[in-house]
């Protein structure tokens, strides 16, 4: 995997890829997309949000996440 951020220079010794995965994971878990919810109030386990269908692209997002 080779990641380049527009307007930024940097050698990727794992840092740029790590940042990309960090940003991606935060977007995927963004409540605005209604894709996931916490399974339990006592821990950080996630489950698919039953209301994810309100996002018209939810199946495409899940397919992307699963790859």
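Counting only residues that are under 25 Å from residue 5 (Cβ atoms) and without any contact (Cβ under 8 Å) to a residue 24 or more places away in the chain, how many does the stretch 32-62 have?
From the stretch 32-62, those under 25 Å from residue 5 (Cβ atoms) are 32-33, 35, 57, 60-61; that's our starting set.
This time we only want the ones that are without any contact (Cβ under 8 Å) to a residue 24 or more places away in the chain, so: 32, 57, 60.
Total satisfying the criteria: 3.
Are any residues in the stretch 8-39 touching a strand residue (DSSP E or B) at 6+ places or on another chain (Cβ under 9 Å) and either surrounded by 12 or more Cβ atoms within 10 Å (Cβ to Cβ) or assigned to a loop (DSSP other than H, G, I, E, B) (or both), and if so, which ones?
From the stretch 8-39, those touching a strand residue (DSSP E or B) at 6+ places or on another chain (Cβ under 9 Å) are 28-29, 31, 35-39; that's our starting set.
The answer is 28, 29, 35, 36, 37, 38, 39.
Conditions: (1) at pLDDT below 90; (2) loosely packed, with under 11 Cβ neighbours inside 10 Å; (3) assigned to a helix (DSSP H, G or I). Residue 53 meets all but one. Number of the miss?
So the condition that residue 53 fails would be (1).
The values are calculated or read from the model by the stated rules, or taken from the named source; none is laboratory data. All values derive from a computational prediction rather than experimental measurement. Glycine also receives a Cβ, built like all others from the backbone with ideal geometry; neighbour counts cover every protein chain displayed.
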